[in-house]
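One structure is given below, encoded as structure tokens.
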Amino acid sequence: MSINRMEMITEMLEKNPDDTFLNYAAALEHKKAKKPKNAIRIFKKIVAQDPDYLATYYQLGKLLEEVGKTDEAIEVYKAGRQLAKKTNDVKATGELSEALMILDAGDGSAF
């Protein structure tokens with residue numbers, strides 16, 4: 001009997017509910033399954049529990065955009081960009097800045 005990816009992640013989360021990577025993986029699975037509200041809830045949990053997990057900000061921002069929460073997406077992108085700059089992650093800074101420019105929310109401080 002084969003277990004699908006979401007079932008495996010869920011089983012692992014039962015043992016380690018606060019594991020950032022497992023929560024991130026679960027959120028991505030919900031996103032893939034077209035369940036944005038579940039993914040958003042998990043991504044927000046990650047930001048609250050592990051605010052330095054940089055990859056979360058872009059994914060959360062994109063989902064918030066998809067469900068029409070543009071203002072909230074902008075705030076998430078800005079917070080992520082600030083973290084990316086703080087950690088000298090040029091690639092993430094660029095991606096988050098581009099997301100803000102697309103929403104016409106860049107404040108001219110991309111780098």
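What follows draws every value from the coordinates through simple rules; no lab data is involved. From a predicted model like this one, the values you see are computed outputs, not experimental measurements. Note that we place each Cβ from the backbone using ideal geometry, even for glycine, and neighbour counts take in every protein chain shown.
Residues of the chain were split at every exposed loop site, defined as trypsin sites (Lys or Arg not before Pro) in a DSSP loop with at most 16 other C-beta atoms within 10 angstrom, and the longest piece left, sites excluded, is 70-111.
Here LYS31 is the anchor, and the aspartates and glutamates within straight C-alpha reach of less than 12 Å, apart from those fewer than 8 places off in the same chain, are GLU66. Here's the picture: charge each Lys and Arg Cβ at +1 and each Asp and Glu Cβ at -1 in the chain, and of ALA92, THR70, LEU13 the one pushed furthest to the positive end of that dipole is LEU13. For the chain, adding -39500 (n - 2.57) for each run of n ≥ 4 DSSP H residues and dividing by the number of residues yields -23000 deg cm²/dmol at 222 nm. For segment 17-34, the residues whose amide N sits under 16 Å from a probe point set 7 Å from the Cα of LYS69 along the beta carbon direction are 27-28, 30-31.
Among the listed pairs LYS44/LYS86; LYS35/LYS91; LYS15/LYS85; LYS15/LYS69, which are separated by more than 26 Å between their Cα atoms? LYS35/LYS91; LYS15/LYS85; LYS15/LYS69, as the Cα separations exceed 26 Å there. Taking LEU83, LEU54, LEU13 as the candidate residues, the one with maximal mean-square fluctuation in a Gaussian network model of the chain, Cα springs under 10 Å, is LEU13. Three principal axis extents of segment 5-102 based on alpha-carbon atoms, in descending order, are 38, 29, 19 Å. Dipole size of the chain about its Cα centre, with +1 on Lys/Arg Cβ and -1 on Asp/Glu Cβ: approximately 180 debye, rounded to the nearest 20.
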